[in-house]
Amino acid sequence: MSSQLDRVLIFDTTLRDGEQSPGATMNVAEKLAVAKQLARLNVDIIEAGFPFASPGDFEAVQTIAGEVGTPNGPTICGLARATKGDIEAAARAVAPAAKGRIHTFIATSDIHMQYKLKKSRAEVLAIAEEMVGYAKSFTGDVEFSPEDAGRSDPEFLYEVLERAIAAGATTLNIPDTVGYLTPSEFGDLIRGIKANVPSIDQAIISVHGHNDLGLAVANFLEAVKAGARQLECTINGIGERAGNAALEELVMALHVRRQYYNPFFGLPPESEAPLTNIHTQEIYKASRLVSNMTGMLVQPNKAIVGANAFAHESGIHQDGVLKNRLTYEIMDAQLIGLNDNQIVLGKHSGRNAFRTRLSELGHELGDQELNKAFLRFKEVADKKKEISDRDLEAIVNDEALQVAEHFKLELVQVSCGSNAQPTATVTIRMPDGEEITDASIGTGPVDAIYQAINRVVDIENDLIEYSVQSVTAGIDAMGEVTIRVRNGARIYSGHAANTDIIVASAHAYVNALNRLYTALQAGVSIHPQRDKVPAGTGV
Ligand code: KIV
Ligand code: ZN
């Protein structure tokens, strides 16, 4: 079945593997906003999360299944370890979707079986078969992954895959869990599977891989040539450690170089038929949204979506591009939906214009969210004459998609200067409604603010990253502050935008503390690959 498809299926795992990146945790509303954008991008499958991880993770998958998993929408998938408890949770969470999938996995490399699972090959083989069959009792669409396939003994891998197909798996995903393989090795692995798994034609071959050596995208493209027809990827390449293969890079490689890839799909080189179903014009918006929601900034030189990806700085390039774009550009920026930040609104723009532009940008806000965002827009427009799309995004992100505000920053004041000791005063409304004011000195204005906040909000944390970026060019630009704080082994991000970067810094810190407080209240969620299966939920 797999090599008969004349395009690849895009399986987006931003909300599952992507969310496993340290500090990238999103709440239900944020995950839903990302899922809606993934649907506009037209991905084939959304892996919406790991439902067994926590009640919050379960709710996110179930909400996405209900709201985004429409008959014409994407398949909604839930991850499950090869245990009954996980599989039942995934089945219940994806049930509201018109098309639901359960993705179950168990490690097959000797090192994982010996040290992590403490199970023999025979035991793993039996569990894989039994749990695929169990998943199949809930849905016809079952995906199976032999975790760490890249380092598994190929003969054992073939046997596990054959048993998984016999038990009902319709997609076989081949993960390079630790990002170890090279492109030709990954291609050979897929070719080996096609040649040695007798029933392989009854399933789609999928690939999943990490970017530890920076090879994930190259590996996937080699796998496509060998017959893989589902690519598991994330927006901006976020994910465990060095991340996953980046969706935008895979899609644009298959688009820009389709003459090269067409023959591997049995198509004539000149065929113009798209090799993915992706609406490429939605790529840039998806990238911005995921970066905003997760606090994972995109490096300027990142392929396709980095700030410099379409910027022609040097004189010689600009001259060439003006004479003929193709001298230095292999794709048009408009293909990914980049439209030069046109200025759209100003202080006299009304609510309707504001709502219309936001919905053109993919943000459909409810009345309450729209009111909040509109008030903020007016405030910013008073200070800044021209409001660009990027400003609008920053406003929506800041106002409408906020995390639960257990702590609310009511006031921040700082005094600093060349001959002054930086001093900050803050007033914070606490979860019980009481307002507390306190002050502190610091080595600089941001340090003074953070120390003052820490005097009021007593939650242990270390600030491990602070960055400020301007949203647009110009001295009146808004500044976006992104921070990360560590509490024990977990990392939480905070994000805020304001024309005053000192105010943005204060809000970003309170935002991170709100996320941290929410997580502490909810209890820690289970990691699908590193945490042990709790007693009583196993096979
Ligand atoms: O990297 C990996 O192996 C995974 C599996 C759960 C598919 O994320
Ligand atoms: Zn992974």
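Between the C-alpha center of region 126-158 and that of region 456-520 there is a gap of 41 Å.
Please rank Leu125, Leu231, fewest neighbouring Cβ atoms within 10 Å first, as an exposure proxy. Walk me through the intermediate numbers first.
Working: Leu125 18, Leu231 27.
Ordered from fewest to most neighbouring Cβ atoms within 10 Å, Leu125, Leu231 come out as Leu125, Leu231.
Helix check for the chain. Which DSSP H runs span at least 27 Å along their own axis by Cα, with a mean Kyte-Doolittle hydropathy no less than 0.5? TM-like helix candidates: 501-522. From least to most packed, judged by other beta carbons within 10 angstrom and beginning with the fewest, Phe58, Phe220 follow the order Phe58, Phe220.
The magnitude of the dipole of region 9-294, with charges of +1 and -1 set on the Cβ of Lys/Arg and Asp/Glu and taken from the Cα centre, is near 360 debye.
Amide H contacts of Ala107: Glu147, each under 5 Å away and 5 or more positions distant or on a separate chain (H built 1.01 Å from N in the peptide plane; Pro and chain starts excluded). The modelled label-to-label distance between Ala303 and Met331, using points 7 Å beyond Cα along the C-beta direction, is 0.9 nm. Normalised by the number of residues in region 408-522, the mean separation of alpha-carbon contacts (under 8 Å, six or more apart) gives a relative contact order of 18 percent. Neighbour counts of C-beta atoms inside 10 Å place Phe186, Phe156 in the sequence Phe156, Phe186, starting with the fewest. Any idea what log10 I(q)/I(0) is at q = 0.10 Å⁻¹ for the chain, Debye with uniform C-alpha scatterers and no solvent? For the requested q values the scattering log ratios are -0.85. Over all alpha-carbon pairs in region 1-93, figure out the percentage whose distance exceeds 21 Å. Within region 1-93, distances greater than 21 Å cover 30 percent of Cα pairs.
Return the calculated 222 nm mean residue ellipticity for the chain, to the nearest 500 deg cm²/dmol, obtained by summing -39500 (n - 2.57) across DSSP H runs with n ≥ 4 and dividing by the residue count.
When only DSSP H runs of four or more count, the value is -11500 deg cm²/dmol.
Contact order, relative form, for region 1-66: 38 percent (alpha carbon pairs under 8 Å, 6 or more residues apart, mean separation divided by residue count).
Annotation for region 177-215 versus region 78-93: alpha-carbon center distance of 25 Å.
Placing a pseudo-label 7 Å from each Cα along the Cα-to-Cβ vector at Ser418 and Ile441 gives an inter-label distance of 2.1 nm. With the dipole of region 89-211 worked out from charges on the C-beta (+1 for Lys and Arg, -1 for Asp and Glu) around the Cα centre, which of Ser120, Ala169, Ser137 lies farthest toward the positive end? It is Ser137, whose Cα lies furthest towards the positive end. Two numbers describe the Cα atoms of region 368-490: Rg and Dmax, which are 16.2, 45 Å. Shape annotation for region 204-256: C-alpha extents along the principal axes are 27, 22, 17 Å, from largest to smallest. At Lys378 and Glu123, where each label point lies 7 Å from the Cα along Cα→Cβ, what is the point-to-point distance in nanometres? That separation, rounded to one decimal, is 6.6 nm.
Any of Lys225/Lys532; Lys285/Lys384; Lys136/Lys285; Lys31/Lys84; Lys31/Lys302 with alpha carbons more than 29 Å apart? Name them for me. Beyond 29 Å: Lys225/Lys532; Lys136/Lys285.
FYI, it's all coordinate maths here, none of it is from the lab. This one's a predicted model, so the numbers in the text were calculated from it and none came from an experiment. Methodologically, a virtual Cβ is constructed for each residue, glycine included, from the backbone with ideal geometry; neighbour enumeration extends over all protein chains shown.
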